[in-house]
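The values are calculated or read from the model by the stated rules, or taken from the named source; none is laboratory data. These numbers were taken from a predicted model, which means no experiment stands behind them. Cβ placement follows ideal geometry from the backbone for every residue including glycine, while neighbour counts extend to all protein chains displayed. To get the accessible areas, we keep the full protein, side chains included, count just its heavy atoms, and leave off ligands, DNA and RNA. Shrake-Rupley method; radii C 1.70, N 1.55, O 1.52, S 1.80 Å.
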Amino acid sequence: IGDSGTIHVDLRAPKLEVFNADGRLVECQSFKGFSRNDLFVSELRHFFACLDGTETPAVSLRDAAESLRLALAIKESIATGEAVRL
């Protein structure tokens, strides 16, 4: 949810819906045949390929640290009910 609209992801369906600031649906994508387990298998394959030296990490260490910082701030915000400044 943001100032310009909302993105809703349904991992069970699976589908993605984008709403503008007025709440009007502006985009909807369905992912028929998508297997959630494939995400984890692909991630493990990439991880092992990085360990083998045949691939480079898709995400830099800096980006990973920032992502973790954001996730921890979200978790803190949910627990306290307060906005967390980054």
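Scan segment 1-26 for residues that are modelled with pLDDT under 95, among the acidic types (D, E) and part of a loop (DSSP other than H, G, I, E, B) and jot them down.
D3
Do we find a residue being touching a strand residue (DSSP E or B) at 6+ places or on another chain (Cβ under 6 Å), of a type in the set (D, E, K, R) and not in a helix (DSSP H, G or I) anywhere in segment 27-40? Explain how you work it out, then say what you get.
Keep residues of segment 27-40 that are touching a strand residue (DSSP E or B) at 6+ places or on another chain (Cβ under 6 Å), which gives 27-30.
The next check asks that each one be of a type in the set (D, E, K, R); those that pass are 27.
From what is left, the residues that are not in a helix (DSSP H, G or I) are 27.
The answer is yes, given that some residue of segment 27-40 is touching a strand residue (DSSP E or B) at 6+ places or on another chain (Cβ under 6 Å), of a type in the set (D, E, K, R) and not in a helix (DSSP H, G or I).
Before we move on, is V84 part of a loop (DSSP other than H, G, I, E, B), hydrophobic (A, V, I, L, M, F, W, C) and surrounded by 10 or more Cβ atoms within 10 Å (Cβ to Cβ)?
Criteria met by V84.
Just one of (1) under 14 Å from the mean Cα position of the chain (by Cα); (2) loosely packed, with under 10 Cβ neighbours inside 10 Å trips up T54, so point out which.
That leaves (1) as the condition not met.
Six or more apart or on different chains, Cβ under 7 Å: which pairs go from a residue in segment 31-59 that's within 25 Å of P14 (Cα to Cα) to one that's assigned to a helix (DSSP H, G or I) and open to solvent by less than 100 Å² (accessible area, probe 1.4 Å)? Could you list them?
From residues that are within 25 Å of P14 (Cα to Cα), the pairs are A58/H46.
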